[in-house]
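Asker: This is the structure, below, for whatever I ask next.
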Amino acid sequence: MTAKEISFAENYLCTFNATEAAKAAGYSERSARQIGCENLTKPYIQAYIKNKSQASLEKLEITQERVLKELANIAFSNVTDFFEDDWALKKLTDIPKSKSAGIKTLKKTQTGVMVNMHDRLGALLKLWELVKDEQDRK
């Protein structure tokens, strides 16, 4: 790997933005987007990024299974899981932690509580991308 490629990979691990990483590594502003995209397709840069990030992922106990489970929790959560039949907010102890993954923000208002959910459709589409090939092989 060249010094620029190493710099790109190190910056990418900090920002997860290929264009910004390319700029920080010294590539021209004009070509940074293209170079960043190209660099992420190079197998040796992919291996470097994976190798450098592996220790951090292990330390944080981030596994593929754990990420997929959280994504599934978001995809299959429903705002009605947080309310009683009369739309009063359930006690937090009555809401399973797996369901609360879908909550993006909770805000107390004068009339009650406003719940903003994470992008359920986006989570479902990401999961679909992972399972659709499996369905095609059957």
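Asker: Which ones in the range 118-138 are out of contact with any strand residue (DSSP E or B) (no Cβ under 6 Å at 6 or more places or on another chain) and at pLDDT 85 or above?
Answerer: Asp119, Arg120, Leu121, Gly122, Ala123, Leu124, Leu125, Lys126, Leu127, Trp128, Glu129
Asker: Can we say Leu106 is part of a helix (DSSP H, G or I) and outside the structural domain of Ala9 (by TED's automatic domain parsing)?
Answerer: no
Asker: Here is a follow-up. For the range 47-54, does any single residue satisfy the condition of being outside the structural domain of Lys126 (by TED's automatic domain parsing), among the basic types (Lys, Arg) and touching a helix residue (DSSP H, G or I) at 6+ places or on another chain (Cβ under 8 Å)?
Answerer: yes
Asker: Test each condition in (1) surrounded by 12 or more Cβ atoms within 10 Å (Cβ to Cβ); (2) modelled with pLDDT of 85 or more for Val113 and report the one that comes out false.
Answerer: It is condition (2) that Val113 fails.
Asker: Let me ask something else. Out of everything in the range 42-63 that is surrounded by 13 or more Cβ atoms within 10 Å (Cβ to Cβ) and among the hydroxyl-bearing types (Ser, Thr, Tyr), what residue ends up being farthest from Ala22 (Cα to Cα)?
Answerer: Ser53
Okay, residues lined up against (1) at pLDDT 95 or above; (2) charged (D, E, K, R):
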| site | (1), (2) |
| --- | --- |
| Ile6 | yes, no |
| Ala9 | yes, no |
| Phe16 | no, no |
| Thr19 | yes, no |
| Lys42 | yes, yes |
| Leu57 | no, no |
| Glu61 | no, yes |
| Val67 | no, no |
| Asp85 | no, yes |
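The values are calculated or read from the model by the stated rules, or taken from the named source; none is laboratory data. Quantities reported herein were computed from a predicted structural model and do not represent experimental measurements. Reconstructed Cβ throughout: ideal geometry from the backbone, glycine too, with neighbour counts over all protein chains shown.
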